[in-house]
Structures are given as C-alpha cells and as structure tokens.
1. From (1) in a strand (DSSP E or B); (2) closer than 24 Å to Ile3 by Cα; (3) not small (Gly, Ala, Ser), pick out the condition that doesn't hold for Pro50.
2. Regarding the range 25-34, can at least one residue be identified that is loosely packed, with under 14 Cβ neighbours inside 10 Å and assigned to a loop (DSSP other than H, G, I, E, B)?
3. For the range 69-89, give me each residue that is exposed (fewer than 12 other Cβ atoms within 10 Å of the Cβ) and free of Cβ contacts under 8 Å to residues at least 40 places away in the same chain.
4. When the range 99-122 is examined, which residues are found to be more than 13 Å from the chain's Cα centre (by Cα) and not in a strand (DSSP E or B)?
5. List the residue pairs whose Cβ atoms are under 7 Å apart, where the first residue sits in the range 109-122 and is charged (D, E, K, R), the second is modelled with pLDDT of 95 or more and part of a strand (DSSP E or B), and the two are 6 or more positions apart or on different chains.
6. Somewhere in the range 69-79, is a residue part of a strand (DSSP E or B) and either in contact with a strand residue (DSSP E or B) (Cβ under 9 Å, 6 or more places away or on another chain) or farther than 21 Å from Phe9 by Cβ (or both)?
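The values are calculated or read from the model by the stated rules, or taken from the named source; none is laboratory data. The structure displayed is predicted, hence computed values, not measured ones. Note: ideal-geometry Cβ built from the backbone for every residue, glycine included; neighbour counts use all protein chains shown.
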Amino acid sequence: MRIHLASVFVTDQLRARDFYTSVLGFELRQDVDMGDGSRWLTVGNPGDEPFELLLEPAGHPVVGPYQAGLVADGIPATSFAVDDCQAEYERLVGLGVEFTQPPTAMGPVTTAVLDDTCGNLIQIAQMNAPV
C-alpha cells in the first residue's frame, strides 16, 4: 500500500492551479471540468512521481470553518519538502508570496509557513543535517 493522492481544500481552483504551478513549481497533472463549476484538478512533483495533490473545491459547508480555524491557529494544511528553506523562502518572497512564519530552525528541521492565497497556510520544511 502507498499514498497515491492527498487533497487540500482551496477557495478558488483556478487561482490555486496558477499558484501551485506558476509560483510553487508543481506540474499540472489533471484538470478536468466536472460540469458543475468544479474541476478534478491535481498537481504533482515535476517528473514522473505518481503522487498527486488534489486541489479540491472548498464548497462543502464544513470546509470554511475548518480552514478558518486552522489559519486562525496558525496550523498549516499540509507540508512540502524543500532542499533549502531559506533559499525557497527568498525565492517565494521575491514572487510576492506572503509568509506567516519565516524560516525557523526547530531541531532536525527548518520550517517556514506561507499563505497559498486560497484559504490555507502551507509549511515548507527542510531536514537539517545531523550535528
């Protein structure tokens, strides 16, 4: 058994598609109009890795309070691995991305938290070399 698909709720799928591909650098995997105003929209790591992230519409009534609660408490909806947290932070700030937490060393990991413009906080994380 392996993880094939995970999802994050987004308030605007088209804006999320642009942000997750053009800004964060994921590749578009699937973009299918579902005929009801929503899309089956997935992105993934560039290359041939089979894992996909579904940018799921946030239309269900429980999603708004769930997202608002996470954001209010500063809790990221998900986390993405990066090789160099500081360099990625600087690259994204240069593209206008807003962060709620700059790169912060926390023992074996350095993390930063950004606003994805679609209702979520997203953490980027770098594993630090053992001392």
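1. For Pro50, the failing item is (1).
2. Yes, the range 25-34 contains at least one residue that is loosely packed, with under 14 Cβ neighbours inside 10 Å and assigned to a loop (DSSP other than H, G, I, E, B).
3. Listed by number, the residues that qualify are Gly69, Ala72, Asp73.
4. Matches in the range 99-122: Gly107, Pro108.
5. Hits for this filter: Asp115/Thr100; Asp115/Leu121; Asp116/Ile122.
6. Yes.
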